[in-house]
Amino acid sequence: MELNHILLFTGIATSALVVLQAFQPQTPGARARAAIVLIASTLAWLLARPIAGWLSAIVWCALLVVPAFLRNRASAAHYQYRPSGSDRGSAVPVSPVVLALIIVNIAVFILELLAGGSTNPMTLHRLGELDTHSVIFRHQYWRLLAALFLHYGPIHIFFNLFALLLLGPALERQIGGFLFAVCYLVSGIGSSIAVVLLTKLRLLEPVQLVGASGCIMGVVGTWTGFLLRHRHAPLARQRLRNIFVIVLLQLAFDLVTPRVSMSAHLGGLLTGFLLGLVVPAKPVFAERFSFPVREERRPPTGP
């Protein structure tokens, strides 16, 4: 699916969810702006189909994305962790593992370009795409991991890395860099294994897949399991609602996009969810997720 269609789908789907009050709580202004985006997207599709996605994206960003970003930034600042002691010097949070993963993915993408092109089937197969036939019959299990760092074209890698940049840093700060890397990689491998198992059971046709989307859905799943355990923490319920919408959008996108593997996404999501149910928070954040137990004071008794 070309970028024009992706942008159009994103604008229509998210706006429709806002109108239906999938994001709670909603203000009448947000719903009105979402309705305007829907109308503008429909008119663009009817009158200027070749650039409908781009027009929809402009209106969507201006009326929904930018106001939501400013609102969430103000809301997050209300609950911002205030460091003390030696932590005061690091006011800006750093996500080294997310940064390292972005660098590795970009480096591998450059390797694809040098090796023959990121859309060249022979190049992708040689570098390690998830070819289920090769995994099942030739036992090339290294493809379960290698395929997670390959991407089909610049649009593919851009959206995956953009999603990682949006969803990853906050989770890395909550659980630490090492556990974040484990969740990311294990979820990706889980997505690959799910596709291979379904193919072996003949529930799927043999496929060739590349991309980090299974890992990204694993991050979403880890967030879900983690927030369910700490659902009484500030903003936890709001984040769970947002994650629910993200999953719905992804499933809807999978249904209308033939080249996208829903099985890989669901496999990564489920693996990440199971990890999120057990992964601990960093000690500094664990204090925020715990609630003090009120001690019962009894009158003193005699000797």
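Some values worked out for this structure:
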{"item": "Accessible area (Å², per residue) of region 107-195, counting only protein heavy atoms and a probe of 1.4 Å", "result": "45 Å²"}
{"item": "Accessible carbon and sulfur surface of region 127-229 relative to its total accessible area, %, 1.4 Å", "result": "71 percent"}
{"item": "Contour excess over end-to-end distance, with Cα ends at residue 119 and residue 39 and 0.36 nm allotted per residue", "result": "25.3 nm"}
{"item": "Amide H contacts under 5 Å for residue 131, placed H, 5+ residues apart", "result": "209"}
{"item": "Rounded accessible area of residue 99 (nearest 10 Å², 1.4 Å probe)", "result": "100 Å²"}
{"item": "Length added when fully stretched, residue 166-residue 126, from 0.36 nm per residue minus Cα-Cα", "result": "11.3 nm"}
{"item": "Gap separating the Cα centres of region 160-193 and region 103-131, nearest whole Å", "result": "21 Å"}
{"item": "Reduced Cα scattering model of region 134-224, Debye log10 I(q)/I(0), q = 0.16, 0.19 Å⁻¹", "result": "-0.67, -0.89"}
{"item": "Area accessible to solvent at residue 138, 1.4 Å probe radius, in Å²", "result": "140 Å²"}
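The values are calculated or read from the model by the stated rules, or taken from the named source; none is laboratory data. Predicted, not measured: the structure shown is a model, and the values here were computed from it. We work out accessible area using only protein heavy atoms, side chains counted, and drop any ligands, DNA or RNA first. Shrake-Rupley method; radii C 1.70, N 1.55, O 1.52, S 1.80 Å.
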